[in-house]
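Input: a single structure, listed below in structure tokens.
The values are calculated or read from the model by the stated rules, or taken from the named source; none is laboratory data. Model, not experiment: these values are computed from the prediction. Note that each Cβ is placed from the backbone with ideal geometry, even for glycine, and that neighbours are counted across all protein chains shown. Keep in mind that these areas ignore ligands, DNA and RNA; they rest on the heavy atoms of the full protein, side chains included. Shrake-Rupley method; radii C 1.70, N 1.55, O 1.52, S 1.80 Å.
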Amino acid sequence: MKTLLAAIAAVALLAVAPFGLGGYETNVLMMVLFFVILAVGLDLVSGYCGQFSFATGAFYGVGAYTAAIMSRDLGTSIWLHLPAGAVVAGLFGLLLGIPALRLKGHFLAIVTIAFQTIVYLVISQWTSFTGGQVGLTMPNAGPVRIFGVTLFEFGSLRSYYWLTLAMTVICLIVAWRLIHSRLGREWVAIRDDETLAGAVGLDTTRGKLTAFVAYAALAGVAGVLTAHSLRGVTPDDFTIWISATVVAMMVVGGRGTFVGPIIGAAFLATLPEFLGKFAEYKMLIYGVLLVLAITLVPEGVVGRWRARTSR
Amino acid sequence: MDLFLQYLANGVVIGSTYVLVAVGLTLIFGILGVVNFAHGEFYMIGGYAGIFAITVLGLPVLPAVAVVLATAAVVGIAAEAILHKPMKNRDATSSIISSFGLAVALQNATLIVMGPQPQRLNLDVSKIPVLSSLPTDFGPVFLPQQRTLIPLTMVLLIAILYVVLRYTWTGRSLRAMAQHATVARLCGVRVERVAVVTFMVGAALAGIAGMLMSSIFLVYPIVGNMIALKAFTVVILGGMGNVAGAAAAGLLLGITESLTSGYIANSMRDIVGFVFVILVLLFRPQGLFGKAVDRS
Amino acid sequence: MTVPILEAKAITKRFGGVTAVNAASLTVGKGQIVGLIGPNGSGKSTMVNLVTGEMTPDEGQFLFNGHDITAQPSYRRARLGMARSFQLLRLFSSLSVEDNLVLANHMRMQSSLTASILDRAAAREEEAAARKRARELLAWFDLQEFASRPVTALSIGQQRMVELARGMMSEPTLFVLDEPAAGLSPPNVDRLIQLIRRMRDEFGMSILLVEHVMRVVRDLCDHVVVLDSGEKIAEGEPEAVVKDPVVVEAYIGTGWKRRAQG
């Protein structure tokens with residue numbers, strides 16, 4: 001109950017935030033929300049199900065390019081792009097999940113890196129379809145119509161921010177329900193001991209594949225939202241650096257906890273803003289933080305705090 | 001046909017670089033079980049160290065090589081202290097994440113210090129004995145001496161490594177560690193020292209590769225990304241921990257890439273290797289040349 | 001002989017050049033406790049992993065309730081009613097005792113996964129029923145006060161009991177116990193013997209018992225199968241088998257005999 005109240009208060013605060021903030025800060029806040037979706041998604045597959053992935057950027061990119069290409073070729077709006085991005089990215093997730101059925105640890109990590117690199121190379125080289133290095137531009141999210149009546153116009157930054165916030169809340173609710181369902185418990189079982197999971201009758205194939213699909217689909221949603229917010233896509237927004245950043249967010253916050261990745265994303269995504277003129281050191285600081293976090297606080301700040309309080 | 005031989009030669013040159021980088025990577029994995037994603041940065045640092053020694057200090061080639069090796073030794077010691085020492089008794093992902101963080105940190109530190117613009121090493125081959133007397137035309141194949149130097153150095157270094165591993169106490173310790181770390185410790189192998197030596201050897205091989213390659217291609221802060229990925233490809237194709245396999249797979253990858261870019265499309269060059277890797281991991285996880293190993 | 005629940009027919013398993021199990025057969029009848037014994041390295045553990053589907057045999061056939069399960073993976077065998085415990089105790093280490101039990105009941109749940117994700121009443125009721133049953137079983141093992149504790153907070157002896165409770169949670173018809181007495185103190189072994197007997201008598205399950213502790217085998221087993229070097233060298237009533245000279249030699253004499261011959 002306390003958790004629910006805290007969550008509602010946090011969302012309410014984020015909802016009114018644009019009134020007190022300028023355009024730049026609102027944009028930063030929106031970017032934080034994209035990373036929250038990405039980090040929570042990665043936590044499903046890595047933190048809960050124990051399958052490591054360096055391919056977040058690839059699924060993020062697949063979602064974004066789905067939106068950009070659909071809007072170019074079909075002239076569709078964001079309402080179609082959101083489910084389409086989730087489905088297409090989810091299918092790619094299924095594809096990456098297949099090697100995960102047979103591989104563990106560093107072998108799996110390397111496959112996810114190879115996968116990330118292949119996706120990046122394809123979107124940066126297949127110029128006729130993806131626009132190559134230059135990428136694609138797209139119109140803004142467009143009006144929301146139901147039966148021909150315009151309900152919202154997402155031209156303004158503020159309205160788009162609210163849409164992003166609403167989608168983030170939906171993604172978090174989905175993730176929360178997944179974790180607290182039978183499926184989420186099976187993910188943890190697979191992470192703890194895969195052989196045992198099979199021996200007690202759990203279908204580990206289904207467990208792993210669903211975790212990969214859920215992770216990829218969430219990243220796909222974040223991709224669609226990002227593409228519309230930036231009014232376009234370029235391959236360099238979806239590199240392995242994005243994947244590494246999201247891993248850092250999850251690890252610093254706490255793997256296998258729900259709030260950990262949210263806190264990690266909020267902290268690392270806003271960090272460059274507080275660094276002021278040192279913002280160019282952002283990636284250097286991420287790198288050092290990642291090394292320090294995994295060495296000194298491998299369970300993440302939330303994990304450490306939980307261990308403290310439960311004692 | 002003429003072009004084919006040229007492509008082949010280009011492939012061997014690039015492949016030799018892959019061998020140098022990948023052999024260190026596979027040693028670090030085979031002996032210490034560390035998956036080192038910062039290995040490409042060893043290459044990058046080697047390139048910059050070479051440029052510093054030759055362009056800034058104005059040193060001749062051999063002393064410049066010594067500078068690169070000394071730098072590699074420092075890098076190896078530091079990397080071991082970060083990636084291996086505190087990570088014992090942890091799961092595989094810990095050292096993966098840590099080495100990834102180290103790679104990000106090193107690249108961005110270099111970016112801040114050296115700037116993003118690519119740099120070239122002006123290697124004056126006419127001052128290197130033996131090499132300067134080599135021809136540049138081999139029938140239909142044209143190979144400048146800077147390029148010929150790379151496969152030659154690779155063969156030399158791999159031969160030295162082979163002799164060291166085979167016939168010295170250090171080499172036997174390394175191999176004992178690769179077989180079974182606990183037993184090796186019981187037999188008197190000083191594990192800490194072996195770990196440091198392994199990282200130093202890896203950094204040295206990659207550093208030399210970086211130095212030599214930056215006389216042909218350019219060196220820049222994130223050059224190590226692609227190199228590391230290629231090296232991983234080679235390590236997997238050769239079988240993780242398998243030095244001879246890595247050497248064969250490195251040449252194979254270089255040649256495959258060169259032929260792909262020559263006959264299919266340049267844009268396909270980088271993708272082939274990765275597709276290969278996923279297929280190999282799925283269907284032959286012990287590598288193309290290896291014996292079966294545990295995949296977990 | 002009662003109706004067979006598990007039949008292993010001429011099972012062979014090789015690892016590279018080594019034959020770990022060689023044309024071994026065994027049968028567990030309904031309501032029986034069958035012991036599988038043999039010296040170290042005789043292939044018992046391999047046989048257990050073959051029975052439960054962690055490994056597949058190179059030759060031979062497994063029948064479970066008359067159905068061929070040779071090609072079925074472990075989770076399917078579990079769903080058909082086969083539970084197991086592990087020689088080196090295995091539990092989901094980051095979960096509570098109760099959650100460890102509930103997981104073993106997942107495969108028996110009727111409501112869909114979607115219902116569970118959407119938190120529908122059907123799934124919620126089923127979950128509540130599983131938790132109730134888990135607590136009852138824990139009470140049966142005298143562990144009720146530990147239900148919400150992390151499994152790692154329990155002693156090794158208690159964790160062994162949780163493992164047995166987990167197996168029973170899946171409502172098995174055959175329970176494969178892999179050295180359940182390993183690492184237990186003598187009083188705990190007595191308790192284990194009682195519990196296993198009650199498991200059979202009160203829940204009517206059949207048990208395949210791999211065990212080193214001879215007292216457990218003698219007290220519990222209706223029938224004993226002896227493996228040595230992957231081959232079945234004897235079977236029969238426990239008292240008769242342990243006196244069989246072939247068995248005695250396998251246990252104490254193999255090394256000596258081989259050395260003498262070689």
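Please state which one of B:LEU157, B:LEU131 is under 23 Å from B:VAL219 (Cβ atoms) and under 18 Å from the mean Cα position of the chain (by Cα). Please lay out each step first, then the result.
Values: B:LEU131 fails: under 18 Å from the mean Cα position of the chain (by Cα).
Among B:LEU157, B:LEU131, only B:LEU157 is under 23 Å from B:VAL219 (Cβ atoms) and under 18 Å from the mean Cα position of the chain (by Cα).
When each of B:ALA78, B:ALA70 is tested for being free of Cβ contacts under 8 Å to residues at least 12 places away in the same chain, more than 22 Å from A:GLN51 (Cα to Cα), within 14 Å of chain A (Cβ to nearest Cβ) and open to solvent by 10 Å² or more (accessible area, probe 1.4 Å), the lone residue that passes is B:ALA78. For C:GLY262, the conditions (1) modelled with pLDDT under 85; (2) surrounded by 12 or more Cβ atoms within 10 Å (Cβ to Cβ) all hold with the exception of (2).
Enumerate the helices (runs of 4 or more DSSP H) found wholly within region A:63-132, keeping only those where 1 or more residues are more than 9 Å from chain B (Cβ to nearest Cβ) and out of contact with any helix residue (DSSP H, G or I) (no Cβ under 8 Å at 6 or more places or on another chain).
Working: elements: A:78-102, A:105-125, A:127-130.
Counting at least 1 such residues, we get A:78-102, A:127-130.
Within region B:90-115, if we keep just the residues that are within 11 Å of chain A (Cβ to nearest Cβ) and part of a loop (DSSP other than H, G, I, E, B), the residue that is modelled with the lowest pLDDT turns out to be B:ASP91.
Restricting the search to helices (runs of 4 or more DSSP H) fully inside region A:166-259 and requiring at least 3 residues that are more than 14 Å from chain C (Cβ to nearest Cβ) and surrounded by 24 or more Cβ atoms within 10 Å (Cβ to Cβ) gives A:204-230, A:240-253.
Can you tell me which residue is farthest from B:ALA228 (Cα to Cα) among those in region B:85-99 that are surrounded by fewer than 24 Cβ atoms within 10 Å (Cβ to Cβ) and in contact with a helix residue (DSSP H, G or I) (Cβ under 6 Å, 6 or more places away or on another chain)? Per the stated criteria, the residue is B:PRO86.
The helices (runs of 4 or more DSSP H) found wholly in region B:215-296 and carrying at least 2 residues that are modelled with pLDDT under 85, among the β-branched types (Val, Ile, Thr) and open to solvent by 30 Å² or more (accessible area, probe 1.4 Å) occupy B:269-283. Taking each residue of region A:173-199 that is in contact (Cβ under 8 Å) with a residue 60 or more places away in the chain and looking for partners that are open to solvent by 50 Å² or more (accessible area, probe 1.4 Å) with beta-carbon atoms closer than 8 Å, six or more apart or interchain, yields A:VAL188/C:SER94; A:ARG191/C:SER94; A:ASP192/C:SER93; A:ASP192/C:SER94. Exactly one residue out of B:LEU212, B:LEU186 is away from chain A (no Cβ under 14 Å) and buried (at least 24 other Cβ atoms within 10 Å of the Cβ): that is B:LEU212.
Quick grid of which residues meet (1) in contact with a Leu (Cβ under 8 Å, 6 or more places away or on another chain); (2) of a type in the set (Phe, Trp, Tyr); (3) modelled with pLDDT under 90; (4) surrounded by fewer than 20 Cβ atoms within 10 Å (Cβ to Cβ):
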residue	(1), (2), (3), (4)
C:GLY81	yes, no, no, yes
C:SER85	yes, no, no, no
C:SER96	no, no, no, yes
C:LEU101	yes, no, no, no
C:ARG108	no, no, yes, yes
C:ARG124	no, no, no, yes
C:ARG131	no, no, no, yes
C:ARG135	no, no, no, yes
C:LEU138	yes, no, no, no
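Evaluation of B:PRO60 against the conditions (1) surrounded by fewer than 24 Cβ atoms within 10 Å (Cβ to Cβ); (2) touching a residue at least 60 places away in the same chain (Cβ under 8 Å); (3) facing another protein chain (nearest Cβ under 10 Å) shows that the sole unmet condition is (3).
Hey, any hits in region C:112-132 for a residue that's closer than 20 Å to C:ALA83 by Cβ, in contact (Cβ under 8 Å) with a residue 60 or more places away in the chain and in a helix (DSSP H, G or I)? Don't jump to the end; show me each part of the working.
Quick first cut of region C:112-132, residues closer than 20 Å to C:ALA83 by Cβ only: C:126, C:129-132.
Okay, now just the ones that are also in contact (Cβ under 8 Å) with a residue 60 or more places away in the chain, so none.
No, that holds for no residue.
If the condition is being crowded, with 24+ Cβ neighbours inside 10 Å and either among the hydrophobic types (A, V, I, L, M, F, W, C) or not in a helix (DSSP H, G or I) (or both), then region B:31-48 contributes B:ILE31, B:LEU32, B:VAL34, B:VAL35, B:ASN36, B:PHE37, B:ALA38, B:PHE42, B:MET44, B:ILE45.
Those helices (runs of 4 or more DSSP H) of region C:156-225 in which at least 3 residues are outside the structural domain of C:ARG131 (by TED's automatic domain parsing) and open to solvent by less than 50 Å² (accessible area, probe 1.4 Å), considering only elements entirely within it, cover C:186-203, C:214-220. Number of residues in region B:1-30 that are within 28 Å of A:ALA244 (Cβ to Cβ), among the β-branched types (Val, Ile, Thr) and open to solvent by less than 10 Å² (accessible area, probe 1.4 Å): the value is 6. Can you find a residue that is in contact with a Lys or Arg (Cβ under 9 Å, 6 or more places away or on another chain) and open to solvent by less than 10 Å² (accessible area, probe 1.4 Å) anywhere in region A:7-21? Among the residues of region A:7-21, at least one is in contact with a Lys or Arg (Cβ under 9 Å, 6 or more places away or on another chain) and open to solvent by less than 10 Å² (accessible area, probe 1.4 Å), which makes the answer yes.
So for region A:44-62 (the condition being part of a helix (DSSP H, G or I) and facing chain B (nearest Cβ under 10 Å)), does at least one residue qualify? Give the derivation first.
Start the filter on region A:44-62 by keeping residues that are part of a helix (DSSP H, G or I), which leaves A:44-48, A:56-62.
From the residues that got through so far, the ones that are facing chain B (nearest Cβ under 10 Å) too are A:46.
Yes: one or more hits.
The test for being assigned to a helix (DSSP H, G or I), open to solvent by 70 Å² or more (accessible area, probe 1.4 Å) and under 25 Å from C:MET199 (Cα atoms) holds for C:GLU145.
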